[in-house]
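Below: the structure, in structure tokens.
The values are calculated or read from the model by the stated rules, or taken from the named source; none is laboratory data. Worth saying up front: this structure is predicted, and the values here are computed from it rather than measured. Cβ placement follows ideal geometry from the backbone for every residue including glycine, while neighbour counts extend to all protein chains displayed.
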Amino acid sequence: MIFLELFWTFFKIGAFTFGGGYAMLPLIQAEVTAKGWIGEESIVNFVAVSESTPGPFAINMATYVGSEMGGVLGAVCATLGVVLPSFVIILIVAQCFQRFKSSRVIRGCMSGLKPAVIGLIASAVISISTTVFIPNGFAWEIFSQIRTYIFLGIAALALVLAFKKLHPIAIICISAVLGIAAGYLGFL
Amino acid sequence: MKVSWKTLWQVFATFFKIGAFTFGGGYAMIPLIQREAVENRKWVTDEDILDIITIAESTPGPIAINSATFVGYRAAGVLGSVAGTLGVVLPSFLIILLISYVLREFQNIRAVQYAFAGIRAGVLALIIKALWGMYQKCKKNLVSYIVMAAAFVLAAFVDISVLPLLAGCAVFGLVTTLIMERKAKA
């Protein structure tokens, strides 16, 4: 039953995404890519779409994967799933906020969760790099292929621009133009 | 609490607007919430906004959902939280639904494939930048370095699932915090 599966998968993702935004990537890779629902390449493409459209990454991702797997109803199930854990938790926290704020248990758990998310995203960066630079698996030929250096160049330029605080949408547009140019020049 | 339809509608409409105009998500929406929910509607105070940020940092889920639920609850109880959350989710839901159909139609065009090949390299850079920002904000001590390294190595090189890994790190953080606090007391 795909709808139930979508709901449950995104419920788990919603319940374990601490730190917002890209903290979700490792979970998406583990739960969505591993199931074979959507390839890693599409996930990375979709990160760009999500950066260029309003709304939080988590909602965008759930709606996208849900709609790919089960149409409109699938999108509803996945989005409901990803929203529900935070919705319920906030309702509970709103009742006992002072206790929550000074809770040692919460503080302790967070002191483990925050660095864990950083380690997990770092590992996601490795696997996304593989998708970007060696989509067909590693072979020594990649060092003699001009496309490898083009992608390295685009990534390096984008990194410099990102640290210069250029808006993500501008960086995505520049990368797209460079990709199109390289493609039509026959380099890809 | 007696809740009027008008208040519920206002909560929904306010968060719909916030959801529709926040690009990139996360903290980008805080100033918008502050203006709409604090200054215009007076549903919450500036102090509440700070509290929301604290809560959002230690609860799962995007800050958009966390704050819509919290402000909605303060404005109009449980129904208000439903209205706020629905409002903030709906714009992205509709837009992405539309885009996913468009993407499916256009993904076989050569120019689009070239564009996305370039974009993937750019996205990698955006993620690295975000990772660096998170690293800088994280408290640095022995425990956090151990957890970072362990999570990285286990996720990258050992075939372990992410959820138990996160749960394990939370327990590890809890235990070390409690031990250190006991030591500090003694």
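See the values below:
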| item | result |
| --- | --- |
| Hits in the range B:136-148 (condition: under 24 Å from the mean Cα position of the chain (by Cα) and facing another protein chain (nearest Cβ under 8 Å)) | B:Cys138, B:Lys139, B:Ser144, B:Tyr145, B:Val147, B:Met148 |
| Residue list for the range A:46-56, restricted to those being within 7 Å of chain B (Cβ to nearest Cβ) and part of a helix (DSSP H, G or I) | A:Val47, A:Ala48, A:Val49, A:Glu51 |
| Criterion (assigned to a helix (DSSP H, G or I), under 17 Å from A:Thr9 (Cα atoms) and among the aliphatic types (A, V, I, L, M)) met by exactly one of A:Val65, A:Val125 | A:Val65 |
| Qualifying residues in the range A:30-74 (those that are among the polar types (S, T, N, Q) and touching a Phe, Trp or Tyr at 6+ places or on another chain (Cβ under 6 Å)) - the one nearest to B:Ala130 (Cα to Cα) | A:Ser50 |
| Selection count, the range B:12-29, where residues are under 25 Å from A:Ser103 (Cα atoms) and surrounded by 18 or more Cβ atoms within 10 Å (Cβ to Cβ) | 1 |
| The listed residue being more than 9 Å from every other protein chain (Cβ to nearest Cβ) and β-branched (Val, Ile, Thr), out of A:Ile43, A:Ile59, A:Ile89 | A:Ile43 |
| Selected residue (only one of B:Leu166, B:Leu174, B:Leu103, B:Leu97 is crowded, with 21+ Cβ neighbours inside 10 Å and in a helix (DSSP H, G or I)) | B:Leu166 |
| Residue list for the range A:167-188, restricted to those being without any contact (Cβ under 8 Å) to a residue 12 or more places away in the chain, at negative phi, over 20 Å from the mean Cα position of the chain (by Cα) and not in a helix (DSSP H, G or I) | A:Leu185 |
| Flag if A:Ile142 is within 23 Å of B:Val123 (Cα to Cα), in a helix (DSSP H, G or I) and more than 8 Å from every other protein chain (Cβ to nearest Cβ) | yes |
| Top-ranked residue of the range B:51-104 - restricted to ones that are charged (D, E, K, R) and at pLDDT below 90, ranked as farthest from A:Ser111 (Cα to Cα) | B:Arg104 |
| Residue within the range B:56-69 that is in a helix (DSSP H, G or I) and surrounded by fewer than 24 Cβ atoms within 10 Å (Cβ to Cβ) present | yes |
| Residues of the range A:21-40 classified as touching a residue at least 24 places away in the same chain (Cβ under 8 Å) and more than 9 Å from chain B (Cβ to nearest Cβ), total | 6 |
| Subset of the range A:145-166 that is surrounded by 13 or more Cβ atoms within 10 Å (Cβ to Cβ) and not in a helix (DSSP H, G or I) - its residue that is nearest to the other protein chains (Cβ to nearest Cβ) | A:Leu166 |
| Single match in B:Gly133, B:Gly72, B:Gly80 (criterion: surrounded by fewer than 16 Cβ atoms within 10 Å (Cβ to Cβ) and more than 9 Å from chain A (Cβ to nearest Cβ)) | B:Gly133 |
| Every residue from the range B:53-104 that is in contact with a Pro (Cβ under 7 Å, 6 or more places away or on another chain) and on the phi > 0 side of the Ramachandran plot | B:Gly61 |
| Any chance A:Ile118 is assigned to a helix (DSSP H, G or I), more than 23 Å from the chain's Cα centre (by Cα) and not charged (D, E, K, R) | no |
| All positions within the range B:151-170 that are within 7 Å of another protein chain (Cβ to nearest Cβ) and among the small types (Gly, Ala, Ser) | B:Ala151, B:Ala155, B:Ala156, B:Ser161, B:Ala170 |
| Hits in the range A:1-20 - residues which are surrounded by fewer than 24 Cβ atoms within 10 Å (Cβ to Cβ), in a helix (DSSP H, G or I) and either in contact (Cβ under 8 Å) with a residue 60 or more places away in the chain or not acidic (Asp, Glu) (or both) | A:Ile2, A:Phe3, A:Leu4, A:Phe7, A:Trp8, A:Phe11, A:Lys12, A:Ala15 |
| Single match in A:Val83, A:Val132, A:Val76 (criterion: more than 7 Å from chain B (Cβ to nearest Cβ), buried (at least 20 other Cβ atoms within 10 Å of the Cβ) and assigned to a helix (DSSP H, G or I)) | A:Val76 |
